């Protein structure tokens with residue numbers, strides 16, 4: 001019997017008559033994801049993440065978004081308050097490289113005919129505390145008061161007219177419209 005047959009279809013053992021099957025399947029998936037993370041990032045210290053998960057005030061967030069650019073090439077952007085790569089260790093919150101309470105928001109830049117639209121996810125920030133400044137191809141987003149603090153400096157793909165920018169903030173999503 002091959003591995004595929006042994007595992008069966010994802011939900012084969014997951015039914016209301018067999019709750020232990022659900023637990024066993026989730027435990028198998030957790031172990032598989034942990035093993036995959038260890039192979040992808042050999043410098044990853046899982047016990048450090050588990051310790052920090054217990055202390056919610058010191059939670060680390062690290063992720064990335066991928067989208068296709070107009071030229072057909074993928075655009076990969078990182079976000080969060082923990083920085084690291086496959087070959088480099090993760091920078092810990094509270095170090096000189098990453099201040100104690102700052103997060104880097106998830107950002108998406110959309111290029112249109114008349115300008116750029118920057119979408120930043122800043123949940124927990126207060127609209128009155130969000131500051132957007134820029135010059136040329138640089139854009140800085142700060143939300144340093146409120147429940148969560150965010151900071152990001154972006155390199156824009158084109159020069160824009162910062163004096164005519166428009167912003168809208170709703171449900172944790174900041175939209176910045178920057179005309180050319």
> Does at least one position in region 74-93 carry a residue that is at pLDDT below 75 and touching a helix residue (DSSP H, G or I) at 6+ places or on another chain (Cβ under 6 Å)?
Replying inline: no
> Just checking, which of 120, 127 is surrounded by 13 or more Cβ atoms within 10 Å (Cβ to Cβ), touching a strand residue (DSSP E or B) at 6+ places or on another chain (Cβ under 7 Å) and modelled with pLDDT under 90?
Replying inline: 127
> When both residues are 6+ apart or on different chains and their Cβ atoms are under 7 Å apart, which pairs have a first residue that lies in region 27-38 and is in contact (Cβ under 8 Å) with a residue 12 or more places away in the chain, and a second that is surrounded by 11 or more Cβ atoms within 10 Å (Cβ to Cβ) and in a helix (DSSP H, G or I)?
Replying inline: 34/46
>> All but one of (1) at pLDDT below 80; (2) outside any strand (DSSP E or B) hold for residue 65; state the number of the condition that does not hold.
In response: (2)
> Got a number for residues in region 148-162 being closer than 11 Å to residue 132 by Cα and loosely packed, with under 14 Cβ neighbours inside 10 Å?
Replying inline: 1
> Do we find that residue 106 is modelled with pLDDT of 95 or more and closer than 27 Å to residue 69 by Cβ in this structure?
Replying inline: no
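The values are calculated or read from the model by the stated rules, or taken from the named source; none is laboratory data. Since the model is a prediction, treat every value here as computed from it, not as a measurement. As a convention, Cβ positions derive from the backbone with ideal geometry for all residues, glycine included, and neighbour counts pool all protein chains shown.
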